[in-house]
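What follows is one structure encoded as structure tokens, with my remarks underneath.
The values are calculated or read from the model by the stated rules, or taken from the named source; none is laboratory data. What you see is a predicted model; the values in this text were computed from it and never measured. Cβ sites come from the backbone with ideal geometry, for glycine too, and all protein chains shown count toward neighbours.
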Amino acid sequence: MFLVFFKLGGSAITDKTVPATPKVAVIRDAARAIFYAREKNPDLNILLGHGSGSFGHFTAKKWGYGQKDNWRAYAETSASAARLNRLVADIFLAENVPVVSMQPSASARTRDGELYALDSKNIETALARNLVPLIYGDVAFDDARQMAIVSTDAQFAFLAPLLQPLRIIYTTAVNGIYTADPHSAPDAQLIREITPQTFGALRAQVGAARGFDTTGGMLDKLARSIALVQKFPALEIFVIAAAAAQINPALAGESLAQGTRIHA
């Protein structure tokens, strides 16, 4: 079995500068690429995830998520994230990818913002049945601060030691990790490889997320990725554009000509 964790980034599947604005064509193209990859390789298993993009993040800001006893914000943000998840699930099912949506907040618990509990048994069962479990950025009850948001990146980091994927693929609106936001900095440079040894020097250069983001954006993703490859040296992590030309070789286990590779 070749297990891959695959994330559709919020910046790839929504316009993160406009509330609740999905990019349906991008989601559909990704679904078709995943269908093709599974048809080509029956041994390929995928845990699929997506960010909240301009759904959950904007709702969290609008309602003041995280304020003490503001449970209306908790409910509204949960519903907003679930709306995007339903849209993603429906598109994938229409493209013959058997996704099964699994609500993270049903079992996620955090302590001071750090995820410490998340049920993996149903995910494992779905994978064993050749289904594609689908998780997403969601709300969570927090032991110290009442509520937190658990990104898909945090869930991948939590699940990786349990499920042991061979590859983690993050898709974004741009083709990899840059020294600055390429949308606003024309001199931004693509970083082709990142290792634990080079991470320190690059940390200050990595561009901040474009649009409103409550989970730390690219820097948080990179820090979690470095920690994972240090713990699991055989693991490869790729950050690529959400385009079939990049997704297909990434899912096939091939070397990539573009994007950013993170490894031990």
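Would a scan of segment 68-77 turn up a residue that is surrounded by 13 or more Cβ atoms within 10 Å (Cβ to Cβ) and not in a helix (DSSP H, G or I)? There is at least one residue in segment 68-77 that is surrounded by 13 or more Cβ atoms within 10 Å (Cβ to Cβ) and not in a helix (DSSP H, G or I). Selection over segment 129-182 of residues that are closer than 24 Å to Ile13 by Cα and either among the basic types (Lys, Arg) or part of a helix (DSSP H, G or I) (or both) gives a count of 10. A search for C-beta distances below 9 Å between a residue of segment 16-30 that is surrounded by 18 or more Cβ atoms within 10 Å (Cβ to Cβ) and any residue that is outside any helix (DSSP H, G or I) and among the aromatic types (Phe, Trp, Tyr), counting only pairs 6+ apart in sequence or on different chains, returns Lys16/Phe212; Ala30/Phe6. For segment 41-49, does any single residue satisfy the condition of being under 16 Å from Ile149 (Cα atoms) and either among the basic types (Lys, Arg) or surrounded by fewer than 22 Cβ atoms within 10 Å (Cβ to Cβ) (or both)? No; the residues of segment 41-49 include none that is under 16 Å from Ile149 (Cα atoms) and either among the basic types (Lys, Arg) or surrounded by fewer than 22 Cβ atoms within 10 Å (Cβ to Cβ) (or both). Among the residues of this structure, Phe35 counts as one that is at pLDDT 95 or above and hydrophobic (A, V, I, L, M, F, W, C). List the residue pairs whose Cβ atoms are under 7 Å apart, where the first residue sits in segment 152-180 and is farther than 21 Å from Ala106 by Cβ and in contact (Cβ under 8 Å) with a residue 60 or more places away in the chain, the second is outside any helix (DSSP H, G or I) and among the hydroxyl-bearing types (Ser, Thr, Tyr), and the two are 6 or more positions apart or on different chains. Cβ pairs passing all conditions: Gly176/Thr260; Ile177/Thr260. Looking only at residues of segment 205-263 that are at pLDDT below 90, of a type in the set (Ser, Thr, Tyr) and within 17 Å of Ser151 (Cβ to Cβ), we find that the one that is farthest from the chain's Cα centre (by Cα) is Thr214.
Assess whether Ala12 counts as being closer than 30 Å to Glu254 by Cβ and crowded, with 22+ Cβ neighbours inside 10 Å.
yes
Residues in segment 231-263 that are in contact with an Asp or Glu (Cβ under 8 Å, 6 or more places away or on another chain), among the charged types (D, E, K, R) and part of a loop (DSSP other than H, G, I, E, B): none. Considering only residues in segment 168-195 that are exposed (fewer than 14 other Cβ atoms within 10 Å of the Cβ) and over 24 Å from Ser52 (Cα atoms), the one that is modelled with the lowest pLDDT turns out to be Ala185.
Of all residues in segment 82-96, one or more are part of a loop (DSSP other than H, G, I, E, B) and at pLDDT 95 or above. Looking across Thr59, Thr17, one residue alone is among the polar types (S, T, N, Q), over 21 Å from Pro133 (Cβ atoms) and either in contact with a Leu (Cβ under 6 Å, 6 or more places away or on another chain) or assigned to a helix (DSSP H, G or I) (or both). It is Thr59.
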